[in-house]
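To start, the structure under review is shown below, and the notes come after it.
The values are calculated or read from the model by the stated rules, or taken from the named source; none is laboratory data. Source: prediction; values computed, not measured. Virtual Cβ from ideal backbone geometry, glycine too; neighbours counted across all protein chains shown. Ligands, DNA and RNA are stripped out before the accessible areas are found, and what is left, the full protein with its side chains, is counted by its heavy atoms. Shrake-Rupley method; radii C 1.70, N 1.55, O 1.52, S 1.80 Å.
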Amino acid sequence: MKVKVLSRNPDDYVRETKLDIQRVPRNYDPTLHPFEVPREYTRALNATKLERVFAKPFLGSLDGHRDGVNCLAKHTKSLSTLLSGSCDGEVKVWNLSKRECVRTLQAHEGFVRGMVVRFCGTSFFTVGDDKTIKHWKMETPGYGEEEEPLNTILGKTVFTGLDHHQKEGVFATCGQQVDIWDEQRSSPIRSFTWGVDSFSAVRFNPVETELLASCASDRSIVLYDMRESAPLKKVIMTMRSNTLCWNPMEAYYFTCANEDYNLYTYDMRYLEKPQMVHMDHVSAVLDVDYSPTGQEFVSASFDKTVRIFPRDAGHSREVYHTKRMQHVICIKWSSDSKYILSGSDEMNIRLWKANAAEKLGVLAPREKEAANYSQKLKEKFQNHPQIRRIARHRHLPKSIYHQTKELRVMKEARRRKEMNVRKHSKPGAVPVVSEKEKHVVAVVK
């Protein structure tokens, strides 16, 4: 039998006397430098510090509204066009590259509750507090022409949300019920109810285009299939969801923005518990929108901040705030995945970078290489304590910082109390409930 043994000659590494210098094994391959890792670590540290130095996400604001901005809509074909609706019934069309308003129309009496651009980009729909659905042309009317809608539908109740099908001339509204409308008809082709008095949002799935979901006032999220006559199923949570957004890359996943300061990502096949709970906001989350890549989403909150979350992480990677920005009501991620648009209470629409430290404009090849190299270095050393501390640090407004601390203390107290109750109860009487399962009350099919 052959036995392989490691044999080392002590002459190769033992000093003859203690006054000799230590022998260092050398690899004379020029590509393997003995100080490669320390050098790269230093470069990664510098790249991380520079990223924080150059993190200036705010690009500009679009002002012109005379009341709070209540909803935003992206143009489906043009990157530089944005539509916004305010609380006084006014709709504005913006040119983002020039940062100016190109058209203003008085669409409704009272709030503009929802707005969506048709998939072909030639027209858009608005709903408002005056119980009407209006269909408008995207082109600005010519000189001397009246600003008239193409079509107006008068509903029986106030509409609170609106969304358009991705491929057909069909749209959905929600109010006291979820209605599916054909563009050619003045009455809904289908209505869904499930013992709920009102709905706050409705969204078509961008991948499986026949599916849609809505948030109801009884704290539930209801899923529908347009080909069925009744809703599919619903999940009831401990608190109400304000709105939801489907992942544009993965057909089954959606994220909802909840009143309990969290966001929940669900797989529609397994509604018993969310796939991920995203925590960081310190007040109700009012809106959420996915990046076109489906890897990240952005949320707008009543606590006056905008946060960016990776799809599979429980905490945000970025938080944006300004002194002047009040409650952020609506949020959109631009279709080229580079910018974020937020509409808030104090009549402004703000334009942000999706990557705070990204350099805008045309980059030279050397700049691109340097950026890619430093990005790889940051990824390689991201778990080193020093680098992680610098990369994670964000300056927060004092009020949010203190609220975060207070919420952490309250959560810890609840956990401690639960552990004490479990310790002094009969084994198995107080089961351990995971954070994900805590927030779901029931799933009804």
Taking only DSSP H segments of four or more residues, each worth -39500 (n - 2.57), what value at 222 nm results for the chain once the sum is divided by all its residues, to the nearest 500 deg cm²/dmol? -5500 deg cm²/dmol
Which lysines have a Cα less than 22 Å from the Cα of residue 156, not counting those fewer than 8 places away in the same chain? 131, 134
Using a 10 angstrom cutoff on alpha carbons, build the Gaussian network for the chain and name the most mobile of 18, 56, 353. 18
Calculate, for residue 324 and residue 40, the FRET efficiency according to 1/(1 + (r/R0)^6) with r their C-beta to C-beta distance and R0 45 Å; round to the nearest 0.05. 0.60
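Using a 1.4 Å probe on the protein heavy atoms, what percent of the accessible area of region 29-134 belongs to carbon and sulfur?
Numbers: 2680 of 5030 Å².
C and S fraction of accessible area: 53 percent.
Would you mind checking 92/304; 77/98; 332/405 for any pair whose Cα atoms are more than 27 angstrom apart?
Values: 92/304 23 Å; 77/98 18 Å; 332/405 29 Å.
In this structure, 332/405 lie more than 27 Å apart at Cα.
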Share of carbon and sulfur in the accessible heavy-atom surface of region 174-220 [1.4 Å probe, %]: 37
For the chain, the per residue accessible area (1.4 Å probe, Å²) is 56
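Expressed as a whole percentage, what fraction of the accessible surface of region 237-295 belongs to carbon and sulfur atoms when a 1.4 Å probe is rolled over the protein heavy atoms?
On the way: 990 of 1890 Å².
In region 237-295, the share of accessible area belonging to carbon and sulfur is 52 percent.
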Potential extension, residue 396-residue 33 segment - 0.36 nm per residue separation minus Cα distance: 126.5 nm
Phi angles of region 182-187, converted by Karplus (6.51 cos²θ - 1.76 cosθ + 1.60, θ = phi - 60°) into ³J(HN,Hα) in whole Hz with x for Gly and Pro, give 9, 4, 8, 10, 9, 10
Which shape class, rounded, prolate or oblate, goes with region 174-234 when its Cα gyration tensor gives a ≥ b ≥ c as root eigenvalues, a/c under 1.5 marks rounded, and past that a/b bigger than b/c marks prolate? oblate
Calculated FRET efficiency, residue 357 and residue 438, Cβ-Cβ r, R0 35 Å, to nearest 0.05? 0.45
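Net charge near residue 150: determine it from the other residues with C-beta under 9 Å of the C-beta of residue 150, scoring Lys and Arg +1 and Asp and Glu -1. Spell out each step's value before the answer.
Numbers: positive: 134, 137; negative: 148.
With Lys, Arg at +1 and Asp, Glu at -1, the net is +1.
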Compute the FRET efficiency between residue 404 and residue 380 as 1/(1 + (r/R0)^6), taking r as their Cβ-Cβ distance and R0 = 41 Å, and round to the nearest 0.05. 0.85
Among 45, 32, 150, the residue with the largest mean-square fluctuation in a Gaussian network model of the chain built from Cα contacts under 10 Å is 32
For the pair residue 135 and residue 338, how long in nm is the line joining their label points, each one 7 Å along Cα→Cβ? 3.5
Give the separation of the Cα centroids, region 287-305 to region 48-75, in Å. 13
Residues whose built amide H sits under 5 Å from the amide H of residue 242, excluding neighbours closer than 5 in sequence, are 257, 258, 259
Any idea what the relative contact order of region 283-322 is, in percent, if you count C-alpha pairs under 8 Å spaced at least 6 apart? 30
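Mean separation of Cα pairs under 8 Å and 6+ residues apart, divided by the residue count of the chain: what relative contact order is that in percent?
Details: 975 pairs, mean separation 57.2, N = 445.
RCO, the chain: 13 percent.
Length gain on complete extension for the stretch residue 225 to residue 102, per 0.36 nm per residue less the alpha carbon to alpha carbon distance?
40.5 nm
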Residue span residue 419 to residue 5: 0.36 nm per residue of separation minus Cα-Cα distance leaves a gain in nm of 143.7 nm
DSSP-loop chymotrypsin sites (Phe, Trp or Tyr not before Pro) across region 51-101, with at most 15 other Cβ within 10 angstrom: 54
On a straight-distance basis, which aspartates and glutamates could pair with residue 353 in a cross-link, Cα separation under 17 angstrom, same-chain partners fewer than 8 positions away excluded? 51, 289, 296, 318, 336
Ratio of the Cα radius of gyration of the chain to 2.2 N^0.38 Å, where N counts its residues: 1.22
Would you grab the residues whose amide H sits under 5 Å from the one on residue 297? Only those 5+ places off in sequence or on another chain, please, with H modelled 1.01 Å from N. 291, 309, 311
Please give me, ordered by residue number, the trypsin sites (Lys or Arg not before Pro) of region 252-335 that lie in loop per DSSP and have at most 13 other Cβ atoms within 10 Å. 269, 323, 324
